[in-house]
1. When residues of the range 48-80 are filtered for being among the small types (Gly, Ala, Ser) and closer than 22 Å to residue 30 by Cα, how many remain?
2. Being in a loop (DSSP other than H, G, I, E, B) and among the charged types (D, E, K, R) is the filter; apply it to the range 42-92 and report the residue that is surrounded by the most Cβ atoms within 10 Å (Cβ to Cβ).
3. Out of the range 101-121, which residues are more than 19 Å from residue 137 (Cβ to Cβ) and buried (at least 18 other Cβ atoms within 10 Å of the Cβ)?
4. Give the range 93-125 a look and list any residue that's of a type in the set (Gly, Ala, Ser) and part of a loop (DSSP other than H, G, I, E, B), or say none.
5. Considering 135, 107, which residue is touching a strand residue (DSSP E or B) at 6+ places or on another chain (Cβ under 6 Å) and of a type in the set (S, T, N, Q)?
Amino acid sequence: MTTGLATASTGISMMLTRHPGVVTDAGTLPARYPTSKRSHADGFSIPVAISVRGYLRAPVDPMDADGNGTLRVPEPASHVGWWVLGARPGAPTGTVLLTGHVDSWTSGLGVFAQLSRIPLGSVVDIEDSNGRDHSYVIRARRTYEKQKLPHDLFTDSGVPRLALVTCTGPYDRTRQTYTRNLVLYAEPQTGPGSMAKTY
C-alpha cells in the first residue's frame, strides 16, 4: 500500500548552484515481489545517522512534504532527511527513503555531493535511534526528471530497500534548481526479504 503518495511524489526540490556532472543509469533495480502490508512503526526505530565508507557520514533528520507536495530536504545541507511515512531501517517491507542536498547557496557542497560517484556494490550503514546498525548494498543508479520520481519510492510495503535521493542534471537558472533527480537503490545486505544486519 502506498503511503502519502499524493503529497510526496512530486520530486525533490533544492536550491542549488553547481552542475554535478553527467550521471548515467547503472545496475539492476531490486526485484519486486508481493508482500503483506506491515506498518513502518511496528517494532523498528527511526534512522539517526548514515555512513558510506570513504564518501559520507551524516546525521539523519525526520522530514515530511511541504504544502506543495514537495518532499522537504533538511537544513543545514550537511544533514540527510528521512521521509517519515516510509519504511524504517530493518523493516521487512517498504522503502527507507533518504534525501539530501548535492550543494546549496549558503553551504557550498552538500551531504550528497558524492552520491553520483559511489560505486555499485558499496555498503550503506544506517544507525537507528536504538543504536543498531542496518547495512544495505547499493545495486542500481537511476536518474529521473523532476516531478517524475517513481511512485513506488513512497511506500512502506513491497520489497525492502533503501533509496538515496538528490538532485542532478543541468541547472535551471530561471527556476534556480536542477532538472533531474538521482536515486541510488540498495537492498539489505543479508538479501531481499531479510532483516538487515544488526550489531
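1. Result for the range 48-80: 1.
2. Result: 88.
3. Those that are more than 19 Å from residue 137 (Cβ to Cβ) and buried (at least 18 other Cβ atoms within 10 Å of the Cβ): 101, 102, 103, 104, 110, 111, 113.
4. 94, 100, 107, 110, 113, 121, 122
5. After ruling out the rest, the residue left standing is 135.
Condition check ((1) crowded, with 16+ Cβ neighbours inside 10 Å; (2) modelled with pLDDT of 95 or more; (3) in a strand (DSSP E or B)) across all residues:
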position	(1), (2), (3)
139	yes, yes, yes
148	no, no, no
170	no, no, yes
175	no, no, no
193	no, no, no
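The values are calculated or read from the model by the stated rules, or taken from the named source; none is laboratory data. Keep in mind that what you see is a predicted model, and the values were worked out from it rather than measured. Cβ atoms come from the backbone with ideal geometry, glycine included; neighbour counts cover every protein chain shown.
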